[in-house]
Amino acid sequence: MMPDADYTLLYPPIIQFGWGRRVALASILDRLSGSAPSHVLFVATNTAATNGQLAELERLCPGDHDRLVGIPHDPALDVVASIRDQARQCGANVVVAVGGGSAIDAAKAAAVLTHADGTVDDYFHGRHSIDGPGLPVVALPTTAGTGAEITKNSVLTDTEANVKKSLRSPHMVPFAAIVDPELTVTMPPALTAESGMDALTQAIEAFISLNAHAASSALAAKATRLLLDSLPAAWRDGGDRLARTAVAEGSLLSAMAFSQSGLGAVHGLAHPLGLALNLAHGRTCAILLPHILRWNAPTCDEQLQELATLTGRPSASALTREVEVLCEQLEIPTDFSQHGLHESHEEAILRNCRSGSMKANPRPLTDDDVRALLKTLAGATAANA
Ligand SMILES: [Fe+2]
């Protein structure tokens, strides 16, 4: 018997999607300011600052604004602290985040903690809890993959403790997400591939998650189809408007799915693996996805068959094979041997992989299973499943 349906959906109050839709920033900032003038802090990557995207968005801002640029990948706690300091100093009452997942995550964490007591470290390590809203965030992603523009978490790294994990709170959901595919056309092919494969991983993991439900699965299936169908074209020709739009929409829908259903073992392993190897999240997920799909296949053949049907593929095995071929086509390596994965990384990865994502994976992995998988991922020839 099927269990009773029982879920809550949590999204930004405003999600705008469409080519050129970034112009909506002006009206959203107007709505946020109400009767008081707003002071906006823009938080952006260097790329957005140098390619003119940030300047264009600043021109849409009706009031005063400051900017903090140069948010690095995998933001550390001190990056969040410096954004928070600047927000306090300039008296910001809105934060606009422009960039990939790292910039948006750092901005979300800083915004929610702007008026909170304690250090960023206190919240990251659970000594303090986030008990109320901070500054409202408007997020404009310039990549199509992470979904940070709508989620309640922020992936941060404590470089001293060597821990990468999420800070989470419902208060971290942005006030508005403006997903404009035109902002993604400047992504080079490798970034298109890696961020797109992150989105595809999120969609597939959401669909087969133990916590999936009707709403998350409908979104995940549509996201999977959009990404499988259009990622190769967006990778080949970054200026292909139709492909860029489909991939950006696939990324948004994948985030709308996984933010409600949770993820799986790819994401459980990706954080400690990426930290150990200093490897970008999307690339880590892309390498892991075919391996984890093969591991999960015996347990969730029925769900994969359903996903195949919903995405117009003939069978679960054809869907799994298509993911492998796509990785090859996008020049994703088949394991982490070229990235230096070694037995010495094993214990740290094991210690830090037991997140909610691992718990939502349909086929459990014991510590011995993870060790065997890591050996395969390091380039050993033994089968992993
Ligand atoms: Fe991800």
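Listed values, structure above:
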| quantity | calculated |
| --- | --- |
| Pairs where the first residue, in segment 187-203, is within 11 Å of A234 (Cα to Cα) and the second is within 14 Å of the ligand (Cβ to nearest atom) and aliphatic (A, V, I, L, M), C-beta under 8 Å, 6+ apart | M187/A144; T192/A144; A193/A286; G196/A144; G196/L227 |
| Verdict on R363 being more than 16 Å from the ligand (Cβ to nearest atom), at pLDDT 95 or above and more than 13 Å from A265 (Cβ to Cβ) | no |
| Within segment 256-271, tally of residues that are in contact with a Ser or Thr (Cβ under 6 Å, 6 or more places away or on another chain) and part of a helix (DSSP H, G or I) | 8 |
| Segment 155-177, residues that are assigned to a strand (DSSP E or B), without any contact (Cβ under 8 Å) to a residue 60 or more places away in the chain and in contact with a helix residue (DSSP H, G or I) (Cβ under 7 Å, 6 or more places away or on another chain) | L167 |
| The lone exception for A234 - which of (1) in the same structural domain as L77 (by TED's automatic domain parsing); (2) crowded, with 19+ Cβ neighbours inside 10 Å it fails | (1) |
| Some residue of segment 44-52 being under 23 Å from T159 (Cα atoms), out of contact with any Lys or Arg (no Cβ under 9 Å at 6 or more places or on another chain) and touching a residue at least 24 places away in the same chain (Cβ under 8 Å) | yes |
| Condition met for A308 (outside any loop (DSSP other than H, G, I, E, B) and more than 16 Å from the ligand (Cβ to nearest atom)) | yes |
| Any hit, segment 314-335, residues being in contact with a Lys or Arg (Cβ under 6 Å, 6 or more places away or on another chain) and either within 16 Å of the ligand (Cβ to nearest atom) or not aliphatic (A, V, I, L, M) (or both) | no |
| Count of residues meeting criterion [within 14 Å of A106 (Cβ to Cβ) and either assigned by TED's automatic domain parsing to the domain that holds S259 or at pLDDT 95 or above (or both)] in segment 159-178 | 3 |
| Some residue of segment 201-209 being within 15 Å of the ligand (Cβ to nearest atom), out of contact with any Lys or Arg (no Cβ under 8 Å at 6 or more places or on another chain) and in a loop (DSSP other than H, G, I, E, B) | yes |
| Search result, residues across segment 61-73 that are more than 26 Å from the chain's Cα centre (by Cα) and either modelled with pLDDT under 95 or outside the structural domain of D30 (by TED's automatic domain parsing) (or both) | C61, P62, G63, D64 |
| For G196: the one exception among (1) within 15 Å of the ligand (Cβ to nearest atom); (2) surrounded by fewer than 21 Cβ atoms within 10 Å (Cβ to Cβ); (3) assigned by TED's automatic domain parsing to the domain that holds R244 | (2) |
| Out of R225, R283, sole residue that is in contact (Cβ under 8 Å) with a residue 40 or more places away in the chain, within 30 Å of L341 (Cα to Cα) and part of a helix (DSSP H, G or I) | R283 |
| Condition broken by E302, with the remaining ones in (1) within 22 Å of L210 (Cα to Cα); (2) surrounded by 19 or more Cβ atoms within 10 Å (Cβ to Cβ) satisfied | (2) |
| Flag if R244 is among the basic types (K, R) and out of contact with any helix residue (DSSP H, G or I) (no Cβ under 6 Å at 6 or more places or on another chain) | no |
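Yes/no per residue for (1) closer than 23 Å to T47 by Cβ; (2) more than 15 Å from the ligand (Cβ to nearest atom); (3) surrounded by fewer than 20 Cβ atoms within 10 Å (Cβ to Cβ):
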site: A176; (1), (2), (3): yes, yes, no
site: E182; (1), (2), (3): yes, yes, yes
site: L191; (1), (2), (3): yes, no, no
site: A221; (1), (2), (3): no, yes, no
site: R225; (1), (2), (3): no, yes, yes
site: D240; (1), (2), (3): yes, yes, yes
site: S259; (1), (2), (3): no, no, no
site: H267; (1), (2), (3): no, no, no
site: H281; (1), (2), (3): yes, no, no
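The values are calculated or read from the model by the stated rules, or taken from the named source; none is laboratory data. What you see is a predicted model, and the numbers here were worked out from it, not measured in a lab. Positions of Cβ are generated from backbone atoms using ideal geometry, with glycine treated the same way; all protein chains shown enter the neighbour counts.
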